[in-house]
Structure formats: structure tokens, C-alpha cells
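Asker: One structure coming up, written as C-alpha cells, with questions to follow.
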Amino acid sequence: MLKVEGLVKKYKDLEVLKGISFEVEKGSVYGFLGRNGAGKTTTMNILTGLIDFNKGNIAYNGKDFKENKRGILRLIGYVPQEPVFYGYMSAYEYLAFMGELSGMSINSIRLRSEEVLDIVGLREAAKRKVGGYSGGMKQRFAIAVSLFNSPEMLFLDEPTSALDPEGRMEILKLINDLKQQGMTIFFSTHILNDIERVCNQLSILEAGNIVISSDLRSLKDKYIKPIYDIELEGGVKELAERLQGLPWIQKVMIENSKIAVYVKDIEISKQELIKIVAESGCNVISFNLRKSDLEDIFIRLVNHNENI
Amino acid sequence: MRTFKAYLKKEVLEAARQYRYLIIFIGVVFFAIATPIMLRLLPKLLEAQMNADLSSFFTINRRTAIQNYIGDLVEISYLIIILVFSGTLSDELSFRKLVFPYSKGGSPAGMVFAKFLHNSLTTVLAVFVGFAVNYYYANIVISGEGASINEVMTSALLVSLYFLFGISLAMIFSSLLKKGLTAGIVTLAVSYSMIPLSGLGVLKKLAPYNLIQAANKFSMEGTLPVITATIIMIIAIIALTCYRMSRVEIIS
Ligand SMILES: Nc1ncnc2c1ncn2[C@@H]1O[C@H](COP(=O)(O)OP(=O)(O)O)[C@@H](O)[C@H]1O
Ligand SMILES: [Mg+2]
């Protein structure tokens, strides 16, 4: 549905996007994961036609984005990171403004207003001035606005970052509902947990480069290298040093009395690790196999990407 | 056209809710009433102070009353109007209000035209009302030679066109500068610095400020070049503003 190839964005000498490529399939929820300053918002702004780019190709349903910009923009919705409205308008008035801008009739504006306000649960507040809304309400209203002309694809830029846990869950539920209805969603965040909850595909963006694009399941299959957590009474350093040199161990991390052992070969480690620990003569408090989650994958990819 | 209509309505709502109509009408019509009264009272007050007959120093008739009003319009009302409208694009840009309209495929030119039309109509209406009120009051409060209503409306037209030029200047600076106030100050600085230049050489015929000189004479005579030049400049400035607004990066 959306294909991005070699996208480059520069601000003077600063190359913010260094040639990123990815493809979003119809009906998927695509997670765009990256730390602050990675270039998520910049990508979003390009894909929603707000800013230009220096190099690369964007195709939407096979059509060139630049050449068909106006038409394409009518098919997508954008929820920016910090949505801003005309604060002196009520929700109804703002929706009417956006509806007119999209060429909708007064009647369909009226009907659609009730629909989208229902979806985001703001009907009760619809007559109030938008300027007085709370952060969570603004975020939900932004989703209502972006859904207004029934787009086929939605871009959400960190919709949960500024919200409290309750607000976050509401937004994630909303995304899941939209996914059920077949909406294609491109969703940026720095919160890994959000990705695990709603996305089926993802890219990890780091300093303007995509370090990996994959679907969530195969990413986990491919990159999950089991981790053993071992807690000891003393002798932590010595054991860690012994383990460090072994070929089937990727990495050993020490935290107080705990050692986290990242293993490369699960079969060998199942047999060998416990023996080595036993031989060391340390007092073992616990010995656990932890399946690594997305967070571990992210840390490994972003901080130690020599081991990808 | 969709964007134009949507923004025209939005501008009306915004101007009403943010008391812009009120500010502009007060800023224009207040002097229409106050100037004749001041002109009537000032000599009397001074005479009472100085115990002398000063009537020979003041030649006040209905014509000079209206000319004084034109002076106030250009000096004070113009400033008010420019400052009210100079945030028209910079506020949209710096407060990121255009993210939704632009990302829904809104047309930058449609928005610029809607804003220019709205701000212009508001101003022209205020100026004509101001002149009508001034004409009426000058006739009540002051005696002596007067100007006909036709002459007064001619002046109103010329002053309006000068104001439209200012409004277009405010729009382009508003699209270029981050703050409305800065755009307003730059617009005023440009306008005022054109006043002394407007008497020089070929500018005598073409500079917009000469519209005010003509308004003071209540006559359209010989104004065709300056009217044409001003209209062309306004069109060019608005076209540039459209270009700028279609190029500007909207950062969300
Ligand atoms: N208008 C701009 N001018 C210069 N640099 C910018 C501009 N916008 C963003 N950047 C830089 O681009 C990088 C990526 O920013 P952004 O896309 O906002 O990251 P994210 O949304 O992932 O936090 C940052 O280093 C930021 O400083
Ligand atoms: Mg961002």
C-alpha cells in the first residue's frame, strides 16, 4: 500500500533521514520504533505531505506520491504528536471546518461528526471549546479529525507518549478496533510495549537509519537468543569472567549479585551452563531461563549492533 | 474553492471570537467622531487658557475636519489594522495549526485568498462606515465649507485601497516571519519609510502613499497611475504569499 525507497531528508548539513526504505501492507499495523530524535516525526511529516524530501521514492498504491499528492492526502489521515486545533472552536465547529475543506456536504458533515465523536468517546464534550480539552481528549479528538473523511490509512505519531497509562490503553484499544475494521495504520512510538500490543510489522529507526524491518513474529524467532539469569551469593565477577570467553555465549552482563548470560546456542547452553555454574562452587540463589522480549532485541540492535 | 470557503468561514468565526471586528471598528470609527469634536473644542479651550482670540490661527471647516480624520486614519487606524491582521499566517505556522488542513490536502492559495478577502472586506467596510460617520458628525459639529458625500466617498475609496496595500504587505511578512508582532512592525516600518520616498521622481505618480494625498484633495484626478500601480503590487504580493505558503515546511 505504501512503499518508501531510499528516503533522504536533510536540514542544511544535517542528514536526518539517511536513505530509509520500508513497505507497509494493506490492513497491517506498522510500528515505527525509535528513540527521541531518531527521525520518526520527520518521516511522518514527509509521508503526510507537510514537508519535502531530498531524495528517494514514495509510492502510494503504486502511484508516485509527489505527483499525486493532493489526491493521496485525501485518502490518508494524520494524527500529529502534539495536535493543535483552533482552540476557540467547539469540536463540532472544527469538524465542520475540516469537512468543508474536504468537500463534504453539510448533511454528511453532521452525520460523520456524530460517528467519529462516538468512536473516540467525545460526544459529551463536543460542544465545548477544543482549547479547553485535556491532553488525552485532544489526542482522541485528533484521531476523530483524522478519521473524519474516512481515510484508508492512518498515520499516528507517538499517540501514546504524552498520556497516562489509562489514556494509553484507551488509544491502544482504539487502534486495535480500527485494525479490526481493516484500517492500515502506520504508528510511531518509542514505547516497545505499544508495538507488542498492536503491531504486526515493524521497523526500528536509529539515527536516521532503519536497522531492521520485519514482522513481529519472525523478528522474535530470528533474534531471540535466550538469556539466563543467575543470582549468586558472591563470586559473581569470577564466574562472569569464565563465561565470557566461551564461544556459545554472546555476552555476559553483571548487575549486583545477578548475572545475565546471553547465549548464542540454546542447545549447548542447556547442557553446559549449569555444569559450569556448579563447578564454580558459588552459592546459587536462582537459575532462570528468560525468553528475551522486544526490549532486549531493541537494546541489542541499537546499542550493540555488531551482533546483528 | 473548498479550502477558500472553509477558511472564509473560519476567519469570520475567529475574528468575531477574538474581538477583531470590535477592535477595528473602534479603531476606525472612534476618530470619525472624536476628530470633529476635538477640532471644535480645542480652539475654545486654548482661547480660554490664553485669553486671546485665536480664530485666525485655526481655519477649521468641514473639509479640514475630514482631512484631519484622514490623517488619524493613516497614522493610528492603519497601525491598529496592521497589528490586528499581521498574525494571520505567522500564528498558523508557528502554532502548527496548519498540520490538519494541509495534511487533508487543503489548498494554500485558497487559504491565502480567503484571508486576504476577509481582512480586506472588513477593513474597507470599516473605512466606509468611518467616513460616513465622520461626514455626518463634521456637518453637525463644524460649520463652514464642506465636501459633498460623493467627494467623501471618493476619499474613502482611495484610503481603502491604500489600506489594502498595507494588508497585503502584512500578509507576506506574516508568511515569512515567525511572530505576528514582528510581521506587523516590519510592515509598519516599510509603510512609513515609503512615505518620504513617495514624493520623489517617478514615485510621485506610482507610490501608494499618493493615494492619501489624492484622498486629501477629495479627487480621483490624475490617480489612474497610482491606482493601477497599487493594484498590480497587491496582486504580486498576494501571488508571492501563495507561493511561499505552498512551499513552506509545516513541522508538526
Ligand atoms: N526543522 C528542523 N531543522 C533542523 N533539524 C531538525 C528539524 N526537525 C527535526 N530536526 C532534527 O532531526 C532529527 C529527528 O527529529 P524528529 O524527526 O523530530 O525525531 P523523533 O520524532 O524521532 O523524535 C533530530 O535530531 C532533530 O533535531
Ligand atoms: Mg517525534
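Asker: Given the options B:G105, B:G110, name the one that is modelled with pLDDT under 90 and within 21 Å of B:L8 (Cα to Cα). Let's see the steps before the verdict.
Answerer: On the way: B:G110 fails: modelled with pLDDT under 90.
Criteria check complete, one pass: B:G105.
Asker: Quick one: count up the residues across region A:89-115 that are touching a Ser or Thr at 6+ places or on another chain (Cβ under 6 Å) and either facing chain B (nearest Cβ under 9 Å) or free of Cβ contacts under 8 Å to residues at least 24 places away in the same chain (or both).
Answerer: Counting residues in region A:89-115 that are touching a Ser or Thr at 6+ places or on another chain (Cβ under 6 Å) and either facing chain B (nearest Cβ under 9 Å) or free of Cβ contacts under 8 Å to residues at least 24 places away in the same chain (or both) gives 1.
Asker: Just need a number here: residues in region A:49-62 that are of a type outside the set (S, T, N, Q), surrounded by fewer than 17 Cβ atoms within 10 Å (Cβ to Cβ) and either within 14 Å of chain B (Cβ to nearest Cβ) or in contact (Cβ under 8 Å) with a residue 60 or more places away in the chain (or both).
Answerer: Selection size over region A:49-62: 1.
Asker: Next question, about the same structure. Considering region A:69-88 alone, what residues qualify as being more than 7 Å from chain B (Cβ to nearest Cβ) and over 19 Å from A:F155 (Cβ atoms)?
Answerer: Residue satisfying the conditions is A:G87 alone.
Every residue, every condition in (1) within 16 Å of ligand 2 (Cβ to nearest atom); (2) open to solvent by less than 10 Å² (accessible area, probe 1.4 Å); (3) under 30 Å from B:E151 (Cα atoms), yes or no:
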position	(1), (2), (3)
B:F163	no, yes, yes
B:S168	no, yes, yes
B:I172	no, no, no
B:V190	no, no, yes
B:S193	no, no, yes
B:P196	no, no, yes
B:L206	no, no, yes
B:T241	no, yes, no
B:V248	no, no, no
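Asker: Exactly one of (1) of a type outside the set (G, A, S); (2) in contact with a strand residue (DSSP E or B) (Cβ under 8 Å, 6 or more places away or on another chain); (3) open to solvent by 50 Å² or more (accessible area, probe 1.4 Å) is unmet by A:Q180. Its number?
Answerer: (2)
Asker: Determine, yes or no, whether B:L46 is aliphatic (A, V, I, L, M), under 24 Å from B:Q213 (Cα atoms) and open to solvent by 20 Å² or more (accessible area, probe 1.4 Å). Break it down stepwise before answering.
Answerer: Numbers: aliphatic (A, V, I, L, M): yes; under 24 Å from B:Q213 (Cα atoms): no; open to solvent by 20 Å² or more (accessible area, probe 1.4 Å): yes.
Here the answer is no, as B:L46 does not meet what is asked.
Asker: Go through region A:26-48 and give me each residue that's part of a loop (DSSP other than H, G, I, E, B) and more than 16 Å from ligand 2 (Cβ to nearest atom).
Answerer: Correct list: A:K26, A:G27, A:S28.
Asker: State whether one or more residues within region B:109-122 are buried (at least 24 other Cβ atoms within 10 Å of the Cβ) and either among the aromatic types (F, W, Y) or within 14 Å of chain A (Cβ to nearest Cβ) (or both). Reasoning before the result, please.
Answerer: Of all residues in region B:109-122, those buried (at least 24 other Cβ atoms within 10 Å of the Cβ) come to B:111-112, B:115, B:119.
From the residues that got through so far, the ones that are either among the aromatic types (F, W, Y) or within 14 Å of chain A (Cβ to nearest Cβ) (or both) too are B:111, B:115.
Taking every residue of region B:109-122 in turn, at least one turns out to be buried (at least 24 other Cβ atoms within 10 Å of the Cβ) and either among the aromatic types (F, W, Y) or within 14 Å of chain A (Cβ to nearest Cβ) (or both).
Asker: Also, I was wondering about something else. Return the residue satisfying two criteria in turn: it lies in region A:19-34 and is within 12 Å of ligand 1 (Cβ to nearest atom) and either touching a Phe, Trp or Tyr at 6+ places or on another chain (Cβ under 8 Å) or open to solvent by 30 Å² or more (accessible area, probe 1.4 Å) (or both), and of such residues it is nearest to the other protein chains (Cβ to nearest Cβ). Reasoning before the result, please.
Answerer: Here is the first cut: in region A:19-34, the ones within 12 Å of ligand 1 (Cβ to nearest atom) are A:20, A:32-34.
Filter once more, so that each one left must be either touching a Phe, Trp or Tyr at 6+ places or on another chain (Cβ under 8 Å) or open to solvent by 30 Å² or more (accessible area, probe 1.4 Å) (or both): A:32-33.
Working: A:F32: 14, A:L33: 19 Å.
Per the stated criteria, the residue is A:F32.
Asker: Exactly one of (1) within 20 Å of B:K97 (Cβ to Cβ); (2) within 16 Å of ligand 1 (Cβ to nearest atom); (3) not aliphatic (A, V, I, L, M) is unmet by A:G87. Its number?
Answerer: All conditions are met except number (2).
Asker: While we're here: Among residues belonging to region A:1-18 that are surrounded by fewer than 19 Cβ atoms within 10 Å (Cβ to Cβ) and away from ligand 1 (no atom under 15 Å from the Cβ), point out the one that is nearest to the other protein chains (Cβ to nearest Cβ).
Answerer: A:M1
Asker: Then there's this: Please go through region B:91-108 and pick out each residue that is among the hydrophobic types (A, V, I, L, M, F, W, C) and either more than 7 Å from chain A (Cβ to nearest Cβ) or open to solvent by 30 Å² or more (accessible area, probe 1.4 Å) (or both). Please lay out each step first, then the result.
Answerer: If we filter region B:91-108 for residues that are among the hydrophobic types (A, V, I, L, M, F, W, C), which is where we start, we get B:93, B:95, B:98-100.
Result: B:L93, B:F95, B:L98.
Asker: Mind checking which residues of region A:195-211 are open to solvent by less than 40 Å² (accessible area, probe 1.4 Å) and of a type outside the set (A, V, I, L, M)?
Answerer: A:C199, A:Q201, A:S203, A:E206, A:G208
Asker: Moving on to the next point. Which numbered condition trips up A:V145, out of (1) surrounded by 22 or more Cβ atoms within 10 Å (Cβ to Cβ); (2) in contact with a Gly (Cβ under 6 Å, 6 or more places away or on another chain); (3) over 26 Å from A:Y11 (Cβ atoms)?
Answerer: Going through the list (1) surrounded by 22 or more Cβ atoms within 10 Å (Cβ to Cβ); (2) in contact with a Gly (Cβ under 6 Å, 6 or more places away or on another chain); (3) over 26 Å from A:Y11 (Cβ atoms), A:V145 breaks only (2).
Asker: Here's something else I'd like to know. Filter region A:49-60 down to residues that are outside any strand (DSSP E or B) and modelled with pLDDT of 95 or more and give me whichever is nearest to ligand 2 (Cβ to nearest atom).
Answerer: A:F53
Asker: Look through A:I212, A:I195, A:I204, A:I230 and report the one residue that is among the β-branched types (V, I, T) and in contact with a Lys or Arg (Cβ under 8 Å, 6 or more places away or on another chain). If you could, list the steps in order and put the result at the bottom.
Answerer: On the way: A:I212 fails: in contact with a Lys or Arg (Cβ under 8 Å, 6 or more places away or on another chain); A:I195 fails: in contact with a Lys or Arg (Cβ under 8 Å, 6 or more places away or on another chain); A:I204 fails: in contact with a Lys or Arg (Cβ under 8 Å, 6 or more places away or on another chain).
A:I230 is the lone residue from the list that is among the β-branched types (V, I, T) and in contact with a Lys or Arg (Cβ under 8 Å, 6 or more places away or on another chain).
Asker: Can you spot a residue in region A:274-287 that is modelled with pLDDT of 85 or more, part of a strand (DSSP E or B), of a type in the set (F, W, Y) and open to solvent by less than 20 Å² (accessible area, probe 1.4 Å)?
Answerer: No, the conditions are met nowhere in region A:274-287.
Asker: When you go through (1) surrounded by 15 or more Cβ atoms within 10 Å (Cβ to Cβ); (2) away from ligand 2 (no atom under 16 Å from the Cβ) one by one for A:K66, which number turns out not to apply?
Answerer: In the conditions (1) surrounded by 15 or more Cβ atoms within 10 Å (Cβ to Cβ); (2) away from ligand 2 (no atom under 16 Å from the Cβ), A:K66 misses (1) alone.
The values are calculated or read from the model by the stated rules, or taken from the named source; none is laboratory data. Bear in mind the structure is a predicted one, so any value in this text is a computation, not a measurement. Glycine also receives a Cβ, built like all others from the backbone with ideal geometry; neighbour counts cover every protein chain displayed. We work out accessible area using only protein heavy atoms, side chains counted, and drop any ligands, DNA or RNA first. Shrake-Rupley method; radii C 1.70, N 1.55, O 1.52, S 1.80 Å.
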